[in-house]
Amino acid sequence: MSSRHRQNAARGSVPEARGEGGFAVEPPSGYNAAMSGPWLILIGVAAGVFAGLFGIGGGIIIVPALILLAGFPLVKATGTSLAAILLPVGILGVIAYAKAKIIDLRASALIAAGLLSSVVAGAWLANTLPVGIMRRLFAVFCLYVSWNFVDPVRRFRRWRGQDAPAQAEPEEAPHASTAALIGLGLLAGVMAGMFGIGGGNIIVPVLTLALHYPAKRAIATSLGAILFPFGIPGVIYYHRAGNLDLAAAAWIAGGLFVGTVFGALITISLPGRTVKLLYGLFLFFVALRFLF
């Protein structure tokens, strides 16, 4: 054993791990694998509210929370998050959207078919392409969508009284083609595999900007699409690599199950323009995470 390895062993260090996007990470010394269940449930509830509110998987909330609050290494936080959102924890949110009649179940099923077909390709690309460049391209995409959703120029002109108020969004969704919806699922699956996200950050903007879905219906449809367990291969990989805390994932999943319905009810109660504004601001912070 070399002197460097002996020094590392004496300090109790572990080999370098690679987390989301292939970045090397150093496990923090304060890793607390025994973080109490109630705190993990609260993380799940918070992630669930965001999932129901914006039609996402929740990992964008879970991973940073596990790192900052529980001291998880990035790679273990990502694996635990994938396991937590593997089960259909958003089912209560989907039911709430279905009762409000603002979900397109046909589109959800077709998008899910694309997701299931392409997430492995995204994982392969993550290990082939320059990941740093791809992360920044995704961040630029999020910033572009955020700008379109928030529309700060129009909001400023309206505040100055120089622009007519925007018309209310129609609640009826267009009948998008089967090919377009499956293609959207394929794209979202690739992005999910590359960046460790649930896919909702791609599905909602494309449904809204390209396929002209109202914001609420796009969010509901996205949440329905990501109910399916397309992350199983990733969860198996993390488990075999020893980078998955099943107990923590179970606690978080319980919180997600409850939180999504509250997020869905918030979205249902808000005007469509407000939902677009909130989603645009959310994507802005997502972009910052992928840029830095």
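The values are calculated or read from the model by the stated rules, or taken from the named source; none is laboratory data. Predicted, not measured: the structure shown is a model, and the values here were computed from it. Glycine also receives a Cβ, built like all others from the backbone with ideal geometry; neighbour counts cover every protein chain displayed.
For residue 107, state whether it is touching a residue at least 12 places away in the same chain (Cβ under 8 Å) and under 19 Å from residue 189 (Cβ atoms). Talk me through it step by step, then tell me what you get.
Details: touching a residue at least 12 places away in the same chain (Cβ under 8 Å): yes; under 19 Å from residue 189 (Cβ atoms): yes.
Yes.
Could you list all residues from segment 154-178 that are at pLDDT below 80 and over 20 Å from residue 271 (Cα atoms)?
Once the filter is applied, which keeps residues that are at pLDDT below 80 and over 20 Å from residue 271 (Cα atoms), segment 154-178 yields 157, 160, 161, 162.
Surrounded by fewer than 23 Cβ atoms within 10 Å (Cβ to Cβ), of a type outside the set (Phe, Trp, Tyr), within 18 Å of residue 229 (Cβ to Cβ) and under 18 Å from the mean Cα position of the chain (by Cα): does that describe residue 56?
When the stated conditions are applied, residue 56 does not pass them.
Take residue 122 and tell me if it is modelled with pLDDT of 85 or more, outside any loop (DSSP other than H, G, I, E, B), in contact with a helix residue (DSSP H, G or I) (Cβ under 7 Å, 6 or more places away or on another chain) and small (Gly, Ala, Ser).
Considered against the rule, which asks whether it is modelled with pLDDT of 85 or more, outside any loop (DSSP other than H, G, I, E, B), in contact with a helix residue (DSSP H, G or I) (Cβ under 7 Å, 6 or more places away or on another chain) and small (Gly, Ala, Ser), residue 122 comes out as no.
Across segment 221-234, what is the total count of residues that are buried (at least 21 other Cβ atoms within 10 Å of the Cβ) and either over 12 Å from the mean Cα position of the chain (by Cα) or not in a helix (DSSP H, G or I) (or both)?
Of the residues in segment 221-234, 7 are buried (at least 21 other Cβ atoms within 10 Å of the Cβ) and either over 12 Å from the mean Cα position of the chain (by Cα) or not in a helix (DSSP H, G or I) (or both).
Here is a check on your reading of the model: is residue 190 β-branched (Val, Ile, Thr), buried (at least 20 other Cβ atoms within 10 Å of the Cβ) and more than 13 Å from the chain's Cα centre (by Cα)?
Taking the combined requirement at face value, the residue satisfies it.
Name the single residue that is modelled with the lowest pLDDT among those in segment 62-83 being under 30 Å from residue 107 (Cα atoms) and either surrounded by fewer than 24 Cβ atoms within 10 Å (Cβ to Cβ) or among the small types (Gly, Ala, Ser) (or both).
The selected residue is 79.
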